[in-house]
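Written out below as C-alpha cells is the structure these notes cover.
Values in this text are rule-based calculations from the coordinates and carry no lab data. Predicted model only: the values in this text are computed from it and were never measured. Note that each Cβ is placed from the backbone with ideal geometry, even for glycine, and that neighbours are counted across all protein chains shown.
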Amino acid sequence: MINLNSVNTSLEFLLSGSVTTTQLPFVVSYIGVSQEGTQHFNSANGASNNTTAVTILGAPVAGAKRNIQSVSIRNSDTTAKTVTVRLNDNATMRIIVTVTLAVGDHLLYTAASGWFVLDLSGFIKSISTADPLPVANGGTGVTSLTDGGVLIGNGTGVVQVTSAGTSGYLLTSTGAGSDPTFQAFPAASQAQQETGSSLLVGSAPGNQHYHQSAAKAWGRGNNAAGLSSSYNIASNTDTAAGRMTITFTTNMSSSTYTQVANIIGDFGGQTQGIAVSVVNDASSFEIRTHDPDTPWANADAGASFACYGDQ
C-alpha cells in the first residue's frame with residue numbers, strides 16, 4: 001500500500017519523451033483519513049505533460065494522510081511510451097516503477113496486488129517483454145530447447161538442457177556442482193551381488209542370482225532321471241535305487257555349498273520319507289531317498305531340492 005502521510009509527500013509521474021499526439025490520462029482512487037480518523041473515499045484524474053512531472057495525488061494536510069487504493073495510467077498515444085512513477089518526498093525523488101507501455105496498455109496499481117500492466121485486450125502482461133524471457137523474470141533465457149532434453153537449473157544464468165537420453169538410460173546425478181547426465185542402469189556386478197552391501201546399484205535379472213540369498217540351482221526330479229522343472233540343472237542321472245546325481249549347468253565355486261531336499265513319493269501308501277543330499281563336488285551332488293518303514297534303506301522316489309552358496 002502506498003501512503004502519503006506528511007505535508008511534504010506526493011505521488012507523481014512523467015514520460016521519458018514527448019508524446020506524438022495524445023497525453024497519457026491517469027485516474028487515482030484513495031482514502032483520505034482526517035486527523036480525527038474519519039475516512040473519506042475520493043478520486044482524482046488528469047494527464048501527463050511530456051517530460052514534466054505531473055502530480056497524481058498531492059500531499060495531505062497536516063495531521064491527515066492519504067491511502068492510495070488504485071492508480072491507472074493508459075497509453076493513449078500512437079507510439080510506445082516509457083512512464084516513471086515516483087514519490088516526491090520534500091523534493092527527494094524516490095522512483096517506484098518505470099515501465100514502457102505499448103499503445104493501449106494500462107499501467108495499474110492496486111493496494112491488494114501492487115503494479116502490473118494490462119494489454120489492449122485486458123490481459124495481464126509479463127513483467128518482462130524481453131525475448132527470450134530472462135531467468136530472473138521466470139523465463140529460461142534461451143529461445144529454443146533441445147528436443148527430448150531435460151531442463152537443468154543454472155543459478156541466475158540461462159537454463160541448461162541435456163541432450164536427448166539414450167533409450168533405457170537414466171538421468172543420474174554426478175555430484176554437487178555438476179550437471180546430471182544420462183547413464184546406463186548401474187547394475188550390480190557379480191562381486192557387488194555377492195557382497196550384498198551396496199545401496200547405490202540395482203539388481204539386474206542377469207546377475208541377481210549371485211546374491212547370497214538367491215538359490216543358485218533348484219529342481220524337481222525322480223529316479224527315472226526325469227526333471228519336471230529346474231533352474232541351472234544340466235541333468236539328473238539315476239545312479240542306483242534311491243540315488244540321483246544332479247549335475248549343474250554352471251558349477252558352484254567350491255564343494256562347500258548347501259543343499260535342501262524334500263521327498264516326493266509314495267512308500268506303501270505313506271507320503272512321508274527321508275531325502276538326504278550328499279555333496280560330491282562343485283559340479284554335481286547326490287540325493288538319496290529312503291523308505292520310512294525301512295530306516296536308511298534306499299528306495300526310489302522323487303525329490304525337490306535347492307542349492308545355496310557361492311558360484
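Taken one residue at a time, the phi angles of region 91-101 give Karplus couplings (6.51, -1.76, 1.60, θ = phi - 60°) of 6, 8, 8, 10, 5, 9, 7, 10, 9, 8, 9 Hz. Gly and Pro are set to x. What you get for region 2-118, charging only the Cβ of Lys and Arg (+1) and of Asp and Glu (-1), is a dipole of about 60 debye around the Cα centre.
Amide H contacts of I96 (H built 1.01 Å from N, in plane; Pro and chain starts excluded): V85, R86, L87 sit under 5 Å, all sequence-distant by 5 or more or on other chains.
Over all other residues within a Cβ to Cβ distance under 15 Å of V260, the charged ones net out to +2, with Lys and Arg as +1 and Asp and Glu as -1. When the P(r) of the chain is calculated, the portion above 29 Å amounts to 66% of the C-alpha pairs. Placing +1 on each Lys and Arg Cβ and -1 on each Asp and Glu Cβ, with no other charges, gives the chain a dipole about its Cα centre of roughly 1360 debye. Per-residue ellipticity at 222 nm from helix content only, as computed over the chain with -39500 (n - 2.57) for each DSSP H run of at least four residues, stands at -500 deg cm²/dmol. A simple packing score, the average count of other Cβ atoms within 10 Å per residue, orders the peptides 95-103, 161-169 as 95-103, 161-169, with the highest score first. Which of the listed residues, N223, S198, V27, is farthest toward the dipole's positive end in the chain, when Lys, Arg count +1 and Asp, Glu count -1 at the beta-carbon? Farthest towards the positive end: V27.
Under 5 Å between amide hydrogens, built in the peptide plane, is the criterion, and for F182 it picks out T172 among residues at least 5 positions away or on other chains. Putting +1 on Lys and Arg Cβ atoms and -1 on Asp and Glu Cβ atoms, find which of N137, A240, Y210 reaches farthest to the positive end of the dipole of the chain. Projecting each Cα onto the dipole axis, the largest value belongs to N137.
How long is the gain from N154 to T110 if the chain were fully straight, where each residue apart is worth 0.36 nm and the alpha carbon distance is subtracted? Here the answer is 12.4 nm. Among F305, P60, G175, whose Cα lies farthest out toward the positive end of the dipole of the chain, if unit charges sit on the beta carbon of Lys, Arg (+1) and Asp, Glu (-1)? Projecting each Cα onto the dipole axis, the largest value belongs to P60. Under a 5 Å amide H cut-off, with hydrogens placed 1.01 Å from N, A214 pairs with nothing among residues at least 5 apart or on other chains. Computed from phi, the 3J(HN,Hα) profile of region 168-182 under the Karplus parametrisation 6.51, -1.76, 1.60 (θ = phi - 60°) reads x, 7, 10, 6, 10, 5, 10, x, 4, x, 10, 6, x, 9, 7 Hz, with x in place of Gly and Pro. The magnitude of the dipole of region 50-125, with charges of +1 and -1 set on the Cβ of Lys/Arg and Asp/Glu and taken from the Cα centre, is near 200 debye. With Cα atoms defining each centre, region 149-163 and region 186-257 are spaced 47 Å apart in the structure.
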